[in-house]
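Participant: I'd like to ask you about the structure that follows.
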Amino acid sequence: MRHTYRKQGLWGLVDKRAVPARGRHPTGYADERVVAAVLEALRRQRGRTKGTVKGLQVLVGQILEDTHGRGMVEMPSRSTFYRLVSVLADPADRPGRPARTATAPARASSAPVVLRPGEQVQIDTTRLDIMAVLEDGSLGRPELTIAVDVATRSILAAVLRPHSTKAVDAALLLAEMAVPHPARPTWPSALHLSRAEVPYERMLSLDERLEGAASRPVVVPETIVVNRGKIYLSQGFVAACETLGVSVQPAPPRRPQAKAVVERTFGSINDLFCQHVAGHTGSNPQRRGSATAAETRWTIPQLQDFLDEWITCGWQNRPHDGLRHPVLPKTALTPNQMWAALITLSGYVPVPLSGADYLELLPVRWTPITERGVRLDYRTYNHNILDPHRGRRSPVAAKDGKWEVHHNPHDARQIFVRLTDGQLHEIPWIHRDHVHQPFNDALWRHIQTEVEQRADRDQHEADLADALDQLLRRTRSTAETEQKTRLRRASRSGTAAQLPDLPGQRRPLDTQTAPAPAPDWSESLDDLISVDTAAETGTSEVEDASVLPAEAGGYGLWDAEAEAEQW
């Protein structure tokens, strides 16, 4: 104090904590380039759904890299960045957590002790926090169903559906876990399993399907923990689990802690993936931006492609705090590293699945075989192979003489009937040659509401097939039906949203939030509906059947249903 008194006099003895700083900038000594990048990121986020500060930090890093080059500007520490955002952001646009309501305290639950991959797999379904463009051009939030391995925290399978998830989706999710995930042709070589930290050569000698597979675990589940939803307790899902030798364990009612791993994974997907995608809605209506509908531009196949790539390169190679090896307790391992560590102890057993195995996983209906064939949901299926069984009772007496029919709700052009030889035989729809594109049950019911009921049942079914073919043609047309599509969309939702054109870039963050002219769906919806392009063009390669050609849409999307048919 004597030294300060000699230098500054009486002012040197005053407590400076109570004196406001004179001439000090609110951002302190932060780099001006970082401050400018934060302001630009806040400007881009204006009008969009509020995300987290971590998501904003990723955007700031992208802006600095695009403006000044990679590694030229050093990002501030986490605490410094949080202070910058708190100072520069408006209170209304400040990212953060939504307001929480008063709830009962959470019950403490201990994580299950699992020692092998697949010992316990948790499956659940939720609405994705992204607004997507549906098949008819309207907007909607798709449903996401994932399967998470508790031992490795790996996302074994993830499926997006435009409407409610069906039991067949959950059943095919089981088969997707047990087979290798083929790498997309557009993915870099770093995402292949051969580049992962696993005994690839030894595994390849056991399973040749791993050649060209993606860097994701292949696990056969032993026990599956599900909630008490309708699709998971259905006869089709339970029968599919019995086919693969998987036991089903329903969680206790009103206890989400029983499957806390998959519940927390949904939150991580929203924070790490959804908030970076155009059309992010947020988990709370208070966080939704005013320009969410205007910036929505991705279709569900495109979102599925983005999600699969993010799981392979992002989630599976990101350190997880719940994965600790006993030898390195202070180091968090990635899901791929934990899978590689556990697979050396538990081993790898390949499970070959053929096309007949996939047919066994489809939902089952019991119907009679009449003189006209098999009648299912006002559709008639007929084939010459049914001639010896028309009007006869099946050997299954418990089903009142009805025959076992397997059907795919997402492709109603054919069914599969189990005859007396014990095999499933494909029976086509009588109007399958008239409707060249696949359709699901929801689209069929929509057509039924538009076609007037007639007394002649055969003519009514033919009219339904013609209306279905015309609908699929309208989705591929350009200018002549663009106005009609907007009018139907306006009458259905009450507002005719102007959607921007589908861009070709892979960064949804760089999109503009201003509305753009009406889109041209002549190619994108054709790619969305067409899943058997190779069958029409006459090509026989497996890759062409599962990847849409670049000249059709230019996205190189992966079609899981076409790949399942090839398997």
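Participant: Of 403, 422, 385, whose Cα points farthest to the positive end of the dipole of the stretch 365-427 (charges on the beta-carbon: +1 Lys, Arg; -1 Asp, Glu; origin at the Cα centre)?
Facilitator: It is 403.
Participant: Taking a ≥ b ≥ c as the square roots of the eigenvalues of the Cα gyration tensor of the stretch 197-320, is the shape rounded (a/c under 1.5), prolate (a/b larger than b/c) or oblate?
Facilitator: Details: a/c = 2.07, a/b = 1.22, b/c = 1.69.
Oblate, since a/c reaches 1.5 and b/c is not below a/b.
Participant: Can you work out ³J(HN,Hα) from phi for every residue in the stretch 31-38, in order, using Karplus 6.51 cos²θ - 1.76 cosθ + 1.60 and θ = phi - 60°, giving whole Hz and x for Gly and Pro?
Facilitator: With coefficients 6.51, -1.76 and 1.60, one gets 5, 5, 5, 5, 4, 5, 5, 5 Hz.
Participant: Also: Under 1.5 on a/c is rounded, so check that first for the stretch 211-284, then, if it is not, pick prolate when a/b is larger than b/c and oblate when it is not; a ≥ b ≥ c are the square roots of the alpha carbon gyration tensor eigenvalues. If you can, show how the numbers build up before the last one.
Facilitator: Working: a/c = 2.25, a/b = 1.31, b/c = 1.71.
Oblate, because a/c is 1.5 or more while a/b does not exceed b/c.
Participant: Long-range amide H contacts for residue 124: which residues qualify at under 5 Å (H placed 1.01 Å from N, peptide plane, sequence gap of 5 or more or a different chain)?
Facilitator: Correct list: 146.
Participant: Quick one: Karplus J couplings for the stretch 70-78, per residue in order, coefficients 6.51, -1.76, 1.60, θ = phi - 60°, nearest Hz, x for Gly and Pro?
Facilitator: Once θ is set to phi - 60°, the couplings for the stretch 70-78 become 6, x, 7, 10, 7, 6, x, 5, 5 Hz.
Participant: Got a number for carbon plus sulfur as a percent of the stretch 238-348's accessible area, 1.4 Å probe? Write out the running numbers ahead of the final one.
Facilitator: Details: 2650 of 4800 Å².
That fraction is 55 percent.
The values are calculated or read from the model by the stated rules, or taken from the named source; none is laboratory data. Because the structure is predicted, anything quoted here is derived from the model rather than measured. A quick note on method: Cβ atoms are made from the backbone with ideal geometry, for glycine too, and the neighbour counts reach across all protein chains shown. These accessible areas exclude ligands, DNA and RNA; they are computed on the full protein's heavy atoms, side chains included. Shrake-Rupley method; radii C 1.70, N 1.55, O 1.52, S 1.80 Å.
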